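What follows is a single structure, written as structure tokens, with notes after it.
The values are calculated or read from the model by the stated rules, or taken from the named source; none is laboratory data. Note that the structure is predicted; figures quoted are calculated from it, not measured. Ideal geometry is used to build each Cβ from the backbone, glycine not excepted, and the neighbour counts take in all protein chains shown. Remember, those area values only see protein heavy atoms, side chains included, never the ligands or the DNA or RNA. Shrake-Rupley method; radii C 1.70, N 1.55, O 1.52, S 1.80 Å.
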Amino acid sequence: MRLWIKDPLAILAFGAERGVVVEDGRIAELVGRGATPGRPVDKTFDAGRHVIIPGLINTHHHFFQTLTRAHPEGINKELFPWLEALYPIWARNVTPEGFRLATRLSLTELLLSGCTCVSDHHYLFPAGLEDAMDVQAEEAERLGIRMTLTRGSMNLSIKDGGLPPDTVVQDEDTILADCERILSRYHDPDEGAMLQVALAPCAPFTVTKRLMVDTVGLAERFDCKLHTHLAETHDEDEYCLSHFGCRPLDYLEECGWLSDRVWLAHGIHFNDQEVRRLGRHHVGVCHCPTSNMTLASGQCRTKELEEAGSPVGLGVDGSASNDNSNLMESVRHALMINRLTYDAATVTPLDAFRWATEGSARCLGRTDVGAIAAGMQADLAFYTLDELRFSGAHDPIAALVMCGAYAADRVMIAGKWQVEDGMPIGVDVDRLRFEHGEAARRFLETF
Ligand code: ZN
């Protein structure tokens with residue numbers, strides 16, 4: 001089946017003024033100004049109302065945190081006190097049912113914002129939630145969204161000098177065995193993969209050095225990506241100096257983590273020399289502008305990192321520090337916070353889109369998504385400019401960012417429509433809202 005997505009209002013691609021032809025889940029052809037498809041098409045979709053961009057890619061999240069949005073114990077705190085307040089609440093209340101609903105809700109929200117490929121850094125494995133990765137794989141498959149299952153881990157609890165409670169950490173053997181099981185079962189390295197796996201010790205203050213090192217060995221064996229939190233706060237700098245006698249990036253290097261297999265969440269507090277080192281090793285950085293502003297953590301040095309050679313992607317981050325899962329909103333926030341650090345001419349809407357598409361794809365190690373070009377996967381997000389907020393807008397691509405687009409009208413993943421008329425295919429949104437809301441109540445009631 002050859003589908004011509006014809007004559008869009010605007011499209012974020014070179015030489016596709018008359019749209020694209022989709023065939024077998026891929027973009028088969030770009031149709032330039034004054035041209036028609038090279039071969040006959042079976043069907044045409046009139047995109048005259050739509051601004052089309054590559055599907056957005058989210059490279060950092062914690063789905064379970066949607067159950068503690070705007071939680072009274074979390075509001076108005078910076079990262080370490082925020083974590084110390086919320087860890088026990090999460091540890092006591094995350095159930096398998098709640099986790100499934102949180103996963104479904106986050107994936108649906110991301111999809112509705114125009115996101116076609118996601119990763120979730122899940123690091124909480126209390127008793128009963130041992131199959132968390134399997135739940136996420138099922139929910140992603142159900143929704144037809146691409147996902148990098150990011151198997152997190154924590155083995156350093158309060159009694160060993162870490163931050164999390166004893167009940168949510170696992171021992172190293174259990175962690176590595178489950179990582180291997182998940183990799184064998186779900187990691188598809190091929191082009192067009194719907195599921196991939198990355199390994200992700202939570203942060204230097206929640207795992208042992210041995211686990212950091214052994215995780216690299218496993219990732220090399222299965223050729224998968226590595227992920228962790230790094231350089232998010234000054235508290236972390238102090239923790240690393242007092243526990244390891246060095247700065248976070250030095251510690252990461254000691255663990256064998258300075259390579260292009262790695263992408264880091266946040267990456268805020270790097271000095272000039274550290275930025276150059278990251279770039280030299282092509283370590284990716286996921287910029288999380290909304291979370292960084294909410295927790296007053298600081299600003300990622302996006303431009304310097306890119307210039308040094310690091311891919312920079314975008315993430316909404318866990319939903320208790322955002323507190324939603326709308327990646328298009330984070331595109332807007334990325335533009336704004338970066339303009340405060342740099343200037344208006346240096347940071348454009350195209351930069352913000354590049355981070356959320358091409359840059360994110362590079363962080364996840366994918367070359368088949370993140371751009372609209374012949375041969376790429378047909379992952380596309382369609383927005384209309386029909387709402388009042390867009391009235392009077394001139395540049396349609398810039399308008400998505402400047403006027404604050406937040407909901408896609410249509411989303412296509414691997415050539416299949418997964419959102420039509422602003423609604424996700426196969427999800428009862430009202431029911432999901434009700435059930436997730438009910439599941440979240442216990443996080444307040446037992447407090
Ligand atoms: Zn995070």
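Couple of notes before you dig in:
- Failed condition for W263, given (1) farther than 17 Å from T228 by Cα; (2) within 16 Å of the ligand (Cβ to nearest atom): (1)
- Long-range neighbours under 7 Å by Cβ, at least six apart or interchain, first residue of a type in the set (S, T, N, Q) within the range 248-263, second surrounded by fewer than 22 Cβ atoms within 10 Å (Cβ to Cβ): S259/H281
- Selection over the range 61-86 of residues that are in a loop (DSSP other than H, G, I, E, B) and surrounded by 22 or more Cβ atoms within 10 Å (Cβ to Cβ) gives a count of 2.
- Among residues of the range 11-25 that are over 18 Å from L400 (Cβ atoms) and not assigned by TED's automatic domain parsing to the domain that holds K416, none has a beta-carbon under 6 Å from a residue that is of a type outside the set (K, R) and crowded, with 23+ Cβ neighbours inside 10 Å at least six positions away or on a different chain.
- Restricting attention to the range 87-109, the residues that are within 18 Å of V419 (Cα to Cα) and either open to solvent by 10 Å² or more (accessible area, probe 1.4 Å) or not in a helix (DSSP H, G or I) (or both) total 3.
- Among helices (runs of 4 or more DSSP H) entirely within the range 157-246, having at least 3 residues that are over 19 Å from V262 (Cα atoms) and without any contact (Cβ under 8 Å) to a residue 12 or more places away in the chain singles out 172-186, 234-244.
- Checking each residue in the range 127-147 for being within 20 Å of A177 (Cβ to Cβ), assigned to a loop (DSSP other than H, G, I, E, B) and open to solvent by 10 Å² or more (accessible area, probe 1.4 Å) picks out A127, G128, E130, D131.
- Any hit, the range 306-326, residues being more than 16 Å from the ligand (Cβ to nearest atom) and more than 30 Å from E254 (Cβ to Cβ): yes
- Checking S325, S319, S360 one by one, the residue that is among the small types (G, A, S), under 27 Å from R277 (Cα atoms) and touching a residue at least 24 places away in the same chain (Cβ under 8 Å) is S360 and no other.
- Exclusive hit being over 16 Å from T116 (Cα atoms), among the charged types (D, E, K, R) and out of contact with any Lys or Arg (no Cβ under 8 Å at 6 or more places or on another chain), set R366, R339: R339
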